[in-house]
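Below is one structure, written out as structure tokens, with a few remarks after it.
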Amino acid sequence: MSGLSRKEQEGCRKMLSRLPGADLIALCDTVTNKLIVVENTREAMDAILTYSQSAEELLKRRKVHRDVIFKYLVSEDIAMPPNADKNQLVRRTLHSWASKTMVSCVSTEDDKKDVPSIREEISVCDYMVLGKQFCQWFFQLLNTQNPALGQAPLDWGPQHFWEDARLTICYSAEVPQMDRFEGAELVSHRFLAFVRDERLFFCPNLEPHGLKCHAFPHGLVMVAVAGTIHRERACLGVFEQVFGLIRSPLDANSWKIKVSNLKIRRQNELTGGEEMTSPALTYDSGELLSLCE
């Protein structure tokens, strides 16, 4: 019996369909130790999915090339930096399959393109799941505004922020620089400028050391995430971003951004021991909470 969930089987089937027939047969022989005789690629795919112990094991097989995984993620509208290695692509794929469905779409009255938003009753979900889903939604939405990626831009705009939202940006340098923006329009435009005008790409680290979440008694949910910043194939540095989210009962209980703090460190400012591919949050809990007050 397959060790893959239904969602994993569906995703792996789409991915395996991109493999040449000879590679698919060879992969079947590897997975089944040549104990299963197949007559065509359909039987080979069924055997691979049935006898694979886990999705991770299957994705890490040599025949499942990096480009196959990357093209699958693109087809699912999941943006990743072009220079991401295979391990990063595997982690991102597994996360997308494991995540609970918390992203829904709202059709506009004039049948415009559906707009994704985060909705869920917080009493029935884990805050870490909410945090992961929010980051996946936010950075995917933001990154589609980068024309260099060749993706259709999703509906970015001030509607995802509270009217009195504020954004603080801290640039780490010899002389630290700090910029502040207030109001949904200005905050939305500043985020947009990062990706549309500066052609940046934000890749969040959704592993436990790169993500923290906390809920305040008065309804504010804090989500903090670390990640890397890219321009085309170059990794420019790392970022840490803290969001303060409040649910809006007037907008079908969607979560909107009340406050955000973004700290950016360029690559030449990092110490030798810091991990560029999987950055960790450096804020302690007290600092994180103070940023959302």
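Values in this text are rule-based calculations from the coordinates and carry no lab data. All values derive from a computational prediction rather than experimental measurement. Note: ideal-geometry Cβ built from the backbone for every residue, glycine included; neighbour counts use all protein chains shown.
Remarks
- Inter-label distance, Arg231 to Arg6: 4.6 nm, where each label sits 7 Å from its Cα along the C-beta direction.
- Amide hydrogen neighbours beyond the local backbone of Phe216, cut-off 5 Å, H modeled: Val221, Met222
- Extension gain from Asp164 to Ala148, taking 0.36 nm per residue of separation minus the Cα-Cα distance: 2.6 nm
- Measuring between alpha carbons in the structure, the pairs from Lys14/Lys34; Lys212/Lys256; Lys34/Lys63 lying more than 20 angstrom apart are Lys14/Lys34.
- Evaluated at q = 0.15, 0.16, 0.24 Å⁻¹: base-10 log I(q)/I(0), Debye formula over Cα of the range 6-98: -0.53, -0.60, -1.26
- ³J(HN,Hα), Karplus 6.51/-1.76/1.60, whole Hz, each residue of the range 81-93, x for Gly, Pro: x, x, 9, 4, 7, 5, 4, 5, 5, 5, 4, 5, 5
- Straightening the chain between Ala280 and Tyr171 buys 37.5 nm, computed as 0.36 nm per residue apart minus the Cα-Cα spacing.
- Near the amide H of Thr228, within less than 5 Å, lie the amide hydrogens of Cys203, Asn205, Phe239, all on another chain or at least 5 residues away, with H placed in the peptide plane.
- Pairwise centroid distance, computed over Cα atoms, of the range 19-95 with the range 157-218, Å: 36 Å
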